Amino acid sequence: MTSAIQRLGAFGRHPGHVADYPAPAMGRSLVLNATYEPLGVVSSRRAAVLVMDHKADLLHSWGEQLHSARLVVDVPSVIRLRYFVRVPYQRRAALSRRGVFLRDGGRCQYCGRRAESIDHVVPRSRGGQHVWENVVAACRRCNTTKRDRMLEDTNMRLGQHPEAPRHLSWVLVALGNVPAIWHQYLGVDKALSA
Ligand SMILES: [Zn+2]
């Protein structure tokens with residue numbers, strides 16, 4: 001999660017008031033670009049500062065408020081920047097079991113049945129790497145059948161070539177614990193319910 005958040009931090013820094021308040025229970029806020037593209041997750045305090053500085057609009061709050069002597073601020077759950085941030089590159093999502101299951105729709109990539117495990121296409125014992133391009137969701141039966149053989153030494157075939165997901169949504173999904181209100185902006189409804 002580092003680089004996008006660090007970039008957000010660069011313009012979210014503020015000498016201000018809100019930073020001194022105790023953290024609310026819901027401590028995270030989703031930041032959307034002006035185009036509604038998800039950019040990253042920041043602390044709710046930082047998000048509140050962006051809204052107070054008129055750099056972002058509040059789209060959803062957590063239903064809690066930050067109080068001070070002079071003002072009351074809704075704790076942001078989702079904010080949208082008022083200006084466009086160019087994202088120079090898409091960070092690579094960290095490989096996770098959960099992410100592989102989501103990418104592959106919870107289906108075994110060899111036979112289409114419900115997946116229960118992950119399989120290294122080129123077995124690790126044959127030098128296969130633990131990377132998105134070499135890991136697929138698999139059912140127990142296919143996993144057991146394939147064992148540590150190369151694919152060409154079996155009669156099994158991959159439905160599609162595994163690739164690394166590029167979109168930030170996948171980074172967030174792979175982290176788990178994505179609040180329901182964020183789903184509509186991350187485009188992951190189907191994947192999460194699969
Ligand atoms: Zn299978």
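The values are calculated or read from the model by the stated rules, or taken from the named source; none is laboratory data. If you're wondering where the values come from, they're calculated on a predicted model, not measured in any experiment. FYI the Cβ positions are ideal-geometry reconstructions off the backbone, even for glycines, and counts take in every protein chain you see.
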When every residue in the stretch 95-114 that is farther than 21 Å from Thr145 by Cα and surrounded by 16 or more Cβ atoms within 10 Å (Cβ to Cβ) is compared, the one nearest to the ligand (Cβ to nearest atom) is Arg103
Note on Arg70: of the conditions (1) away from the ligand (no atom under 16 Å from the Cβ); (2) touching an Asp or Glu at 6+ places or on another chain (Cβ under 8 Å); (3) basic (Lys, Arg), unmet is (2)
If I filter the stretch 162-175 for residues that are within 18 Å of Gly106 (Cα to Cα) and modelled with pLDDT of 85 or more, do I get at least one hit? yes
In the stretch 128-155, anything part of a loop (DSSP other than H, G, I, E, B) and within 12 Å of Gly112 (Cβ to Cβ) is listed as Cys139
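Yes/no matrix, rows are residues, columns are (1) touching a residue at least 40 places away in the same chain (Cβ under 8 Å); (2) within 30 Å of Ala48 (Cβ to Cβ); (3) outside the structural domain of Glu37 (by TED's automatic domain parsing):
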position	(1), (2), (3)
Gln65	no, yes, no
Val73	yes, yes, no
Ile79	yes, yes, no
Arg82	yes, yes, no
Val85	yes, yes, no
Leu102	yes, no, yes
Arg114	no, no, yes
Arg147	no, no, yes
Checked pairs for the stretch 37-54, first touching a residue at least 12 places away in the same chain (Cβ under 8 Å) and assigned to a loop (DSSP other than H, G, I, E, B), second surrounded by fewer than 21 Cβ atoms within 10 Å (Cβ to Cβ) and aromatic (Phe, Trp, Tyr), C-beta under 8 Å and 6 or more apart or across chains, list as none
Here the residues within the stretch 58-90 that are farther than 12 Å from Leu30 by Cα, at pLDDT 90 or above and surrounded by 11 or more Cβ atoms within 10 Å (Cβ to Cβ) are Asp74, Arg82
Within the stretch 115-138, restricting to residues that are buried (at least 18 other Cβ atoms within 10 Å of the Cβ) and hydrophobic (A, V, I, L, M, F, W, C), the one that is nearest to Ala93 (Cα to Cα) is Trp132
